[in-house]
Amino acid sequence: MLVETRELTKRYAAFTALDRCSLGIREGEIFGLLGPNGAGKTTLLRLLLGFIRPTSGSARVAGFDCAAESLAVRGATAYLPGEARLFRRMDGFQTLDFFTRLRPACSRDRAARVADRLDLDCSRQVARMSTGMRQKLALAVVLATEARLTILDEPTANLDPTARAEVLALVREARAAGRTVIFSSHVLSEVEGTCDRVAIVRGGRLVHEQCIAALRRSHRITARLDGACGDIPAHLAPHATVVARDAGRVVIESGDSLAPLLGWLATLPLGEVQIEPVGLGGVYDRFHRE
């Protein structure tokens, strides 16, 4: 595992920002972090980078202890914070020059190419850039850095749809080049379309992990019945779950091939049936529905 945490916990007096988080992220994958504001996502990222120290538990990145060897961790990491702050008196070109001289792993030519792909005017002074333009400039620096781990905290915030699509393409290119990406976002469609795995955080706790490839095989079947519906047959029970049932209606979620389940449904007194993908939104709602 490139990233590994064990019972990682951060408390501030009586408030627990992160509670016994244990996870592993493999090299060369895009790992999504989902959760509302205040769920603990940014706390987890700051603990990984050694910006704050854990109350208990441990974390390692690229073999380095995140608390005791934080400089080595940051040397192996490119990080885009949720609110990137840039030198306001510099223009875009000067900003790229500064950061690429500061860090040898960041290529000036590569940063300029990323800025071009994001349609960024680098001749403008940072103070005169819009929020979206400053986000593009920060992304050009981070995505041009050849680090083993890239951490992106809300990378598409304030971007237009065209720039969002280009950022997601750049993230997939980073994975193809063998880099690992942690992708924290509120936009479920971006996470589902880009990430290999996703973790859902709620109230400081890691409540669910999901493989996106498995999620794409999951479906929700809503059936209206003109008669009684018995239990799911024993041979189908490991692959399907009844999530709701009331008079004349049943909702079933399937995590595998639909064919055997449809064969059983065909034996029931069906009045109407609807089949749809579960989607990441359906999984997220289980843990964060009001």
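The values are calculated or read from the model by the stated rules, or taken from the named source; none is laboratory data. Values in this document were obtained by computation on a predicted structure and should not be read as measured data. Cβ: placed from backbone, ideal geometry, glycine included. Neighbour counts: every protein chain shown. Just so you know, the surface numbers come from the protein's heavy atoms only, side chains and all, with ligands and any DNA or RNA stripped out. Shrake-Rupley method; radii C 1.70, N 1.55, O 1.52, S 1.80 Å.
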> In the stretch 97-130, what residues are within 23 Å of Arg148 (Cβ to Cβ), among the polar types (S, T, N, Q) and assigned to a loop (DSSP other than H, G, I, E, B)?
Replying inline: Ser107
> So, in the stretch 87-121, of the ones that are of a type in the set (S, T, N, Q) and open to solvent by less than 40 Å² (accessible area, probe 1.4 Å), which residue ends up nearest to Thr156 (Cα to Cα)?
Replying inline: Thr95
> When you go through (1) part of a strand (DSSP E or B); (2) open to solvent by less than 40 Å² (accessible area, probe 1.4 Å); (3) farther than 15 Å from Arg148 by Cα; (4) at pLDDT 95 or above one by one for Phe31, which number turns out not to apply?
Replying inline: (3)
> under 16 Å from the mean Cα position of the chain (by Cα) and either surrounded by fewer than 18 Cβ atoms within 10 Å (Cβ to Cβ) or β-branched (Val, Ile, Thr) (or both): does that describe Glu69?
Replying inline: no
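Quick check on this structure: which one of Leu268, Leu262, Leu206, Leu225 is closer than 30 Å to Phe15 by Cβ and either open to solvent by 20 Å² or more (accessible area, probe 1.4 Å) or touching a residue at least 12 places away in the same chain (Cβ under 8 Å) (or both)? Working first, answer last.
On the way: Leu268 fails: closer than 30 Å to Phe15 by Cβ; Leu262 fails: closer than 30 Å to Phe15 by Cβ; Leu225 fails: closer than 30 Å to Phe15 by Cβ.
Unique residue meeting the criteria: Leu206.
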>> Just the residues that are part of a loop (DSSP other than H, G, I, E, B) and either exposed (fewer than 15 other Cβ atoms within 10 Å of the Cβ) or more than 31 Å from the chain's Cα centre (by Cα) (or both), please, taken from the stretch 250-259.
In response: Gly255, Ser257
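Going residue by residue through the stretch 231-249, is there one that turns out to be outside any loop (DSSP other than H, G, I, E, B), at pLDDT 80 or above and touching a strand residue (DSSP E or B) at 6+ places or on another chain (Cβ under 9 Å)?
If we filter the stretch 231-249 for residues that are outside any loop (DSSP other than H, G, I, E, B), which is where we start, we get 237-246, 249.
Then drop every residue that is not at pLDDT 80 or above, which leaves 249.
Add one more test, that the residue is touching a strand residue (DSSP E or B) at 6+ places or on another chain (Cβ under 9 Å), and what stays is 249.
Yes, the stretch 231-249 has at least one match.
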>> Among the numbered criteria (1) of a type outside the set (Asp, Glu); (2) outside any helix (DSSP H, G or I); (3) over 25 Å from Asn37 (Cα atoms); (4) free of Cβ contacts under 8 Å to residues at least 40 places away in the same chain, which one does Thr156 miss?
In response: (3)
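Among residues belonging to the stretch 72-86 that are open to solvent by 20 Å² or more (accessible area, probe 1.4 Å) and modelled with pLDDT of 90 or more, point out the one that is nearest to Val142 (Cα to Cα). So that I can check it myself, show each step before the final result.
Applying the first criterion (open to solvent by 20 Å² or more (accessible area, probe 1.4 Å)) to the stretch 72-86 yields 72, 74-75, 79, 81-86.
Retained after the next criterion (residues that are modelled with pLDDT of 90 or more): 72, 74-75, 79, 81, 86.
Numbers: Ala72: 17, Arg74: 13, Gly75: 13, Tyr79: 6, Pro81: 10, Leu86: 13 Å.
Within the stretch 72-86, the match that is nearest to Val142 (Cα to Cα) is Tyr79.
For (1) open to solvent by 50 Å² or more (accessible area, probe 1.4 Å); (2) in contact with a Leu (Cβ under 9 Å, 6 or more places away or on another chain), each residue gets a yes or a no:
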site: Ser123; (1), (2): yes, no
site: Ala138; (1), (2): no, yes
site: Thr150; (1), (2): no, yes
site: Ala157; (1), (2): no, no
site: Arg164; (1), (2): yes, no
site: Ala177; (1), (2): yes, no
site: Thr180; (1), (2): no, yes
site: Phe183; (1), (2): no, yes
